[in-house]
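Since the structure comes first, as structure tokens, the remarks are kept for the end.
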Amino acid sequence: MDLTDAVDRDRLLRTFLELVAVDSPTGQEREVAELLERRFADLGCTVTRDEIGNLVAVLPGTRDGVVLIATHMDTAGTDRGIVPLVGADGVVRTDGSTILGADDKSGIAGCLELLTLLRQDPGVLHPTLELLVTVGEESGLVGSRALDVTRLTATHGFVLDTAGAMGSITYWSPTSVYLTITFHGRKAHAGVEPEKGVSAVRAAALAVAAMPLGRIDPETVANIGTVHGGEARNVVPDTVVLEGMARSHDQGKLDAQLDAMRHACQEAAETTGATVEVLAEEIYRTYRIEEDARPYREAARAIASVGLPVIPRKSGGGTDGNLLNAKGIACVALPTGMVDEHATTEHIAIDDMVLAARVLVAIVTQDPDPRDAR
Ligand SMILES: [Zn+2]
């Protein structure tokens, strides 16, 4: 029998609801980590955790090969006490007061369903599975950044952590840079001797007005998201801090965009007599997996085998996959069925969760491509 047909909708839903009910806002993953440690061990895995809390569960293979399957255990923001509601329409959502946490508990539920099926049917051939569940993904890929990949032996893998149509393969993701821009002026009494002051607000305003922002080109976006500064209406402000970001799928275009933003800051500082510091921090780096590369081929074959169209997807955001690729493990990212992640309208259709689990089972149990035989 084809193991993908054995995915149990009710069991998968139960697992998902159980995971969602355990609070795990980013940075506070202990409780869910302990639950996962037990669940993975009960399903035959050797489970270890690193200093930061990333969990790695290893299931020995029944044939050659190793594959990495990555998810994250933290949820976005600070929401606690999540109550999932299963609608008559087959969609799980909340009452709208919190996120759902399908990002990424739906991915983890799929992994547990896979392990359950393999345990029930020990004759099935599959490679060794390295199941990575990171912490701190939502606060800037903290867990995968700290991950020592020498703990893993896989050279390719799959990140179960995107929205998008079922059947999509995220093969191309941008580089993201966080910007912190600080303008320093000079304080003075604005009513008595404004001539002695240098307004950091004016410098910052000139800089922002002169910067290219928004959608720059098909690959590149930029934003200034926060402005903080000044003390009182009658004091010439001496400090303003701008926080922003820039992303591009093209490293050269991103570098040009960052140069343009720096240039606007320097011009504004010179015009006003202020000084400026621009701090640019790369949060994750672009990756692009070609169609003939192993993770893409394996995902595409599995997706087609369960009757879905294969949809190449270029994402506007990053996942742990960006850091895993940067660290030498070639990964594509796959959808779990989640919709509106990070919002209180977040929801997931049970049918999509089942499809995602079937794709995962197919990836792991399909015959290896002769091209990859050593
Ligand atoms: Zn996620």
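Some points to look at:
- Ordering of 11-18, 328-335, 350-357, 118-125 by burial proxy (mean other Cβ atoms within 10 Å per residue, highest first): 328-335, 350-357, 11-18, 118-125
- Fraction of accessible area attributable to carbon and sulfur, the stretch 173-298 (%, probe 1.4 Å): 50
- Highest average first, the peptides 213-225, 174-186 ordered by how many other beta carbon atoms sit within 10 Å of their residues are 174-186, 213-225.
- Cα coordinate range in the stretch 175-284, projected on the principal axes (Å, largest first): 51, 21, 19
- Cα pair count fraction exceeding 36 Å, expressed as % - the chain: 31
- Within the stretch 213-237: backbone nitrogen closer than 19 Å to the Gln251 label point (7 Å, Cα to C-beta): 219-221
- Using the Cβ-Cβ distance between Ile283 and Arg119 with R0 set to 22 Å, the FRET efficiency works out to roughly 0.05.
- Relative packing of 129-136, 33-40, which averages over residues the other C-beta atoms within 10 Å, highest first: 129-136, 33-40
- Gained length - Lys314 relative to Glu34, 0.36 nm times residue gap less alpha-carbon distance: 97.3 nm
- The residues of the chain have, on average, 43 Å² of accessible surface per residue, using a 1.4 Å probe with all protein chains present.
- Across the chain, the mean sequence separation of Cα contacts (distance under 8 Å, 6 or more residues apart), normalised by length, yields a relative contact order of 24 percent.
- Anchor Lys187: lysines whose Cα lies under 17 Å away (excluding residues fewer than 8 positions away in-chain): Lys196
- Distance in nm between pseudo-label sites at Thr345 and Lys196 (7 Å out along the Cβ direction from Cα): 5.4
- Label-point separation in nm, Ala205 to Ala21, each point 7 Å along Cα→Cβ: 5.5
- Amide hydrogen neighbours beyond the local backbone of Cys331, cut-off 5 Å, H modeled: Gly157, Asn325
- The H on the amide N of Thr162, modeled in the peptide plane, is under 5 Å from the matching H of Leu334, Thr336, each at least 5 residues off or on a different chain.
- In summary, the lysines within cross-link reach of Lys253, defined as a Cα separation below 20 angstrom excluding same-chain residues under 8 places away, comprise Lys314.
- On full extension, the segment bounded by Val149 and Asp10 gains 46.5 nm, given 0.36 nm per residue less the C-alpha separation.
- Of the solvent-accessible surface of the stretch 1-153, computed with a 1.4 Å probe and all protein chains present, 49% belongs to carbon and sulfur.
- Virtual paramagnetic centre 7 Å along Cα→Cβ of Thr275, amide N under 16 Å, in the stretch 230-248: 238-241
- The chain: most fluctuating residue of Ile99, Ile311, Ile169 per GNM, C-alpha cutoff 10 Å: Ile311
- Beta bridges per DSSP with both ends in the chain, % antiparallel, nearest 5: 70
- Computed over the alpha carbons of the stretch 1-42, Rg followed by Dmax gives 13.2, 42 Å.
- Check: the stretch 1-85 dipole with +1 on Lys, Arg Cβ and -1 on Asp, Glu Cβ, in debye: 100
- Linear extension gain, Thr62 paired with Val83, 0.36 nm per residue minus alpha-carbon span: 3.7 nm
- Normalised by the number of residues in the stretch 175-284, the mean separation of alpha-carbon contacts (under 8 Å, six or more apart) gives a relative contact order of 43 percent.
The values are calculated or read from the model by the stated rules, or taken from the named source; none is laboratory data. Quick caveat: nothing in here was measured; it's all calculated off a predicted structure. Please note: Cβ atoms are built from the backbone with ideal geometry, for glycine as well, and neighbour counts cover all protein chains shown. Just so you know, the surface numbers come from the protein's heavy atoms only, side chains and all, with ligands and any DNA or RNA stripped out. Shrake-Rupley method; radii C 1.70, N 1.55, O 1.52, S 1.80 Å.
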